[in-house]
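To start, the structure under review is shown below, and the notes come after it.
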Amino acid sequence: MRATAVIEKVSSRKQGIVITELPYNIGPEKIVEKIADLVKAKKVQGISDIVDLSDGQSGTKVVVEIKNGYEPAEVLENLYRLTPMEDAFSINAVALVNGKPLTLGLKELLQVFVDHRIEVVRRRSAFRKARAQARLNLVDGLLKAIVDIDKVIKLIRASQDATVAKAGLIKSFKLSDEQATYILDMPLRRLTKMSKIELETEAKELKATIATLTAILKTEESIKAKVAEELSDIEKKYASPRRTRLVA
């Protein structure tokens, strides 16, 4: 990684190098100290002064004043070569791949991460679709029942037990076993307060959700598109401009 530096006028008669960003884990005081040591040892020529103007508000700013007669670009290249202004950053990229810990390169690490995100989106979408379908099934049952809520209540109260009541609901309202059980488990007071409009609205929303999730799960490409969309959303929410340059 390389520090961000520009060559510009730093006084009325002198050019200089202004350093505004440094590699990860490198502070301005370390750079100033290293440059001063190099100047003292005469390993870098052409520097007349170094000033650290960094602060908490404006961030990093180190000004290196260049002597007249020296080329600032050459001095800058020497600083990149001899100081931590250009630094290598190593990581121990160990990841679990198919349950086994493996040391990966950057490209492999990114591929494993993307594969993981694809699997997460696939499983999450399948789970949410199944949950929405299960809820829609119950809502459909409620919509059938509240058409004649008085008959439902009468049937339940007249039944000897839950088994008889369930059989009666299934036969009279063409309900599934799950729908009839759900209605029987619900307090009658809550059942009588059910709103047809609210249930129809919920059913419409559930159908839209199911359609969206079905579209995501339709192909591998549609799942990848969803992964890309989510990564873009994260970038928009959390990304900040790169502060250093990556060099080969």
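No value in this document is a laboratory result; all are computed from the given coordinates. Predicted, not measured: the structure shown is a model, and the values here were computed from it. Positions of Cβ are generated from backbone atoms using ideal geometry, with glycine treated the same way; all protein chains shown enter the neighbour counts.
Applying 0.36 nm per residue to the separation of residue 194 and residue 14 and subtracting their alpha-carbon distance, the gain on full extension is 56.7 nm. In loop segments of the range 20-117 as defined by DSSP, the chymotrypsin sites (Phe, Trp or Tyr not before Pro) with at most 16 further C-beta atoms inside 10 Å of their C-beta are 24, 70, 89. With 21 Å as the limit, the listed pairs 129/204; 34/61; 30/107 have 30/107 beyond it between alpha carbons. Cβ-to-Cβ counts within 10 Å put 182, 238 in ascending order as 238, 182, the fewest first. Calculated on the alpha-carbon coordinates, the convex hull of the chain measures out at 228 cubic angstrom per residue.
Magnitude of the charge dipole for the chain, about its Cα centre and with charges confined to Cβ atoms of Lys, Arg (+1) and Asp, Glu (-1), is about 960 debye.
Look at 20, 201 and count the other Cβ atoms within 10 Å of each Cβ; fewest to most, that gives 201, 20. Label separation (residue 174 vs residue 235): 5.1 nm, computed from points 7 Å beyond Cα along the C-beta direction.
Secondary-structure-derived ellipticity at 222 nm for the chain, considering helices only, amounts to -19000 deg cm²/dmol, per-run term -39500 (n - 2.57) for DSSP H runs with n ≥ 4. Residues of the range 30-51 with an amide N closer than 14 Å to a point placed 7 Å from the Cα of residue 87 along the Cα-to-Cβ direction: 30-35. Gain on full extension, evaluated as 0.36 nm per residue between residue 103 and residue 185 minus their Cα-Cα distance, stands at 24.2 nm. Here the extension length gained between residue 116 and residue 220 equals 36.1 nm, from 0.36 nm per residue of separation less the Cα-Cα distance.
Model label points for residue 208 and residue 164, set 7 angstrom from Cα along the Cα-to-Cβ axis, are 4.5 nm apart. Distance from the C-alpha centroid of the range 124-189 to that of the range 56-111: 64 Å, rounded to the whole angstrom.
Loop sites here are trypsin sites (Lys or Arg not before Pro) outside DSSP states H, G, I, E and B with no more than 11 other Cβ atoms within 10 Å. The longest part of the chain free of them is 44-173. All other residues whose Cβ lies under 10 angstrom from that of residue 27 are scored, Lys and Arg at +1 and Asp and Glu at -1, for a net of -2.
Footprinting exposure proxy ranking of 194, 85, 1, fewest other C-beta atoms within 10 angstrom first, gives 194, 1, 85.
For residue 66, neighbours were defined as the other residues whose beta-carbon sits under 12 Å from its Cβ, and their charges (Lys and Arg +1, Asp and Glu -1) total -1.
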